[in-house]
Amino acid sequence: MNKISEIFQSWVTAANPSSEDEEIARHRANICDTCSYKKYIKALNIHICGECGCPLDKKVFSPLPGPEACPKKFWTK
């Protein structure tokens, strides 16, 4: 899957997640909450991944398996 497809699918899933998608996203977000790469962009009022630059509220819905979706391979789901 190319990066554009991954990003698009993440946004689509975030708009209407299944219960399984929500569970995975919560698991991933909990890991991000303790990650030193998590950055806050005050001007946009969002948190991003400091490694890839993706907004975390959408990144956690990536369709890729956890280790492939997280640039540091911290996600297990």
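The values are calculated or read from the model by the stated rules, or taken from the named source; none is laboratory data. Please read all numbers here as calculations on a predicted model, not as lab measurements. Because the Cβ atoms are built from the backbone with ideal geometry, glycine has one as well, and the counts that use them run over all protein chains shown.
Within the range 1-16, work out how many residues are exposed (fewer than 10 other Cβ atoms within 10 Å of the Cβ) and within 17 Å of PRO71 (Cβ to Cβ). Counting residues in the range 1-16 that are exposed (fewer than 10 other Cβ atoms within 10 Å of the Cβ) and within 17 Å of PRO71 (Cβ to Cβ) gives 3. Checked across the range 17-38, the condition of being in contact (Cβ under 8 Å) with a residue 40 or more places away in the chain, small (Gly, Ala, Ser) and either crowded, with 16+ Cβ neighbours inside 10 Å or under 19 Å from LYS77 (Cα atoms) (or both) holds for no residue.
Every condition in (1) touching a residue at least 24 places away in the same chain (Cβ under 8 Å); (2) in contact with a Phe, Trp or Tyr (Cβ under 7 Å, 6 or more places away or on another chain) holds for HIS47 except the one numbered (1). Taking the range 44-77 as the search range and keeping residues that are of a type in the set (Asp, Glu) and outside any loop (DSSP other than H, G, I, E, B), which one is nearest to PRO17 (Cα to Cα)? Only one residue fits best here, namely ASP57.
Restricting attention to the range 1-16, which residues are free of Cβ contacts under 8 Å to residues at least 24 places away in the same chain and either part of a helix (DSSP H, G or I) or of a type in the set (D, E, K, R) (or both)? Full working, then the answer.
Looking only at the range 1-16, we keep the residues that are free of Cβ contacts under 8 Å to residues at least 24 places away in the same chain, and these are 2-5, 8, 12, 15-16.
Scanning the range 1-16 gives LYS3, ILE4, SER5, PHE8, VAL12, ALA15.
Please work out if ILE41 is at pLDDT 95 or above, within 11 Å of the chain's Cα centre (by Cα) and β-branched (Val, Ile, Thr). Spelling it out, it is not the case that ILE41 is at pLDDT 95 or above, within 11 Å of the chain's Cα centre (by Cα) and β-branched (Val, Ile, Thr).
Please go through the range 23-43 and pick out each residue that is assigned to a helix (DSSP H, G or I) and in contact with a Leu (Cβ under 8 Å, 6 or more places away or on another chain). Please lay out each step first, then the result.
Let us first name the residues in the range 23-43 that are assigned to a helix (DSSP H, G or I), namely 23-33.
If the condition is that a residue be assigned to a helix (DSSP H, G or I) and in contact with a Leu (Cβ under 8 Å, 6 or more places away or on another chain), then ALA29, CYS32 are the ones that fit.
Pull up the range 39-77, narrow it to residues that are more than 14 Å from THR13 (Cβ to Cβ) and β-branched (Val, Ile, Thr), then point me to the one that is surrounded by the most Cβ atoms within 10 Å (Cβ to Cβ). The qualifying residue surrounded by the most Cβ atoms within 10 Å (Cβ to Cβ) is ILE48.
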